[in-house]
Amino acid sequence: MLVRRSYEPMATSTTIYWDCEYCGIEFGQPDDPGRKRRFCSNACRQAAYRARVHGGQRTHQQRERDEARRRADEKTRQAREEQRRRRRARQDRQPPPHAGTSRPRSWCGACGGYRGPHTTHHDDAAHERARRRYEALCRKAAGTTFPHEAAACRAKADELCAKYGL
C-alpha cells in the first residue's frame, strides 16, 4: 500500500475540454483515468436520453404545454388587434353636423362623443377603461336577478357616462 508523505508535492491534474453531446456547450473536466463525461449537466444527459427513447419526439405533456402556449399567444395577438381596430375606428369617427346650433359642443376624439359634462382631459387609455367598465356594468345590470344590484350597477354606469361623456 502506497502512503503519500506530506513532503512530496501534490500532482497537478490537467483539465480537458469537451463539447456537450446534447447542447454543444464546451465544459471542462479533469484528465483523470476513467470514463469521460459526455454531457455538461444532468439536465442535458436526461434530455438526450428522452430524445433517444422517444425518437426525438416530444412527450404528451410537452405537446400540451406547447399547444396551450400557442393558444395563449394567439389570444393575446387577437386582443391587441381588436384594441388597434377599436382605436382606429374611434379615430375615424367624425362628429355629426351641429344641426344649426350657434355654439357647437366640443368633440372628444378619444371617446368618440361630445365633451359636454366632462371638461377635464382624459387620455385614450382612461377612456378605453371607462368604456369597458361602463359596458360591463350595463351587462351585469341586465343579467342580474336582484333589483337592488341592477339599480346600483346602472347608477355607477350613469356616473361613468357623465364623467367621461360616453
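The values are calculated or read from the model by the stated rules, or taken from the named source; none is laboratory data. The model shown is predicted, which means the values in this text are computed figures rather than measured ones. Here Cβ is always computed from backbone atoms with ideal geometry, including for glycine, and neighbour counts include all displayed protein chains. The area values use the complete protein model at the heavy-atom level, side chains included, leaving out ligands, DNA and RNA. Shrake-Rupley method; radii C 1.70, N 1.55, O 1.52, S 1.80 Å.
When the range 26-59 is examined, which residues are found to be open to solvent by less than 100 Å² (accessible area, probe 1.4 Å), of a type outside the set (S, T, Y) and under 32 Å from the mean Cα position of the chain (by Cα)? It would help to see each step written out before you state the result.
First, pick out the residues of the range 26-59 that are open to solvent by less than 100 Å² (accessible area, probe 1.4 Å): 27-32, 34, 36, 39-41, 43-44, 46-48, 51, 53-56, 59.
Those still in the list that are of a type outside the set (S, T, Y) too: 27-32, 34, 36, 39-40, 43-44, 46-48, 51, 53-56.
Listed by number, the residues that qualify are A43, C44, Q46, A47, A48, A51, H54, G56.
Is there any pair linking a residue in the range 146-164 that is without any contact (Cβ under 8 Å) to a residue 24 or more places away in the chain and more than 11 Å from R133 (Cα to Cα) to one that is of a type in the set (V, I, T) and open to solvent by less than 70 Å² (accessible area, probe 1.4 Å), with Cβ under 8 Å and at least six apart or on different chains, and which?
A150/T144
Out of G100, G113, which single residue is more than 27 Å from the chain's Cα centre (by Cα), loosely packed, with under 10 Cβ neighbours inside 10 Å and at pLDDT below 90?
Details: G113 fails: loosely packed, with under 10 Cβ neighbours inside 10 Å.
Every option except G100 fails the conditions.
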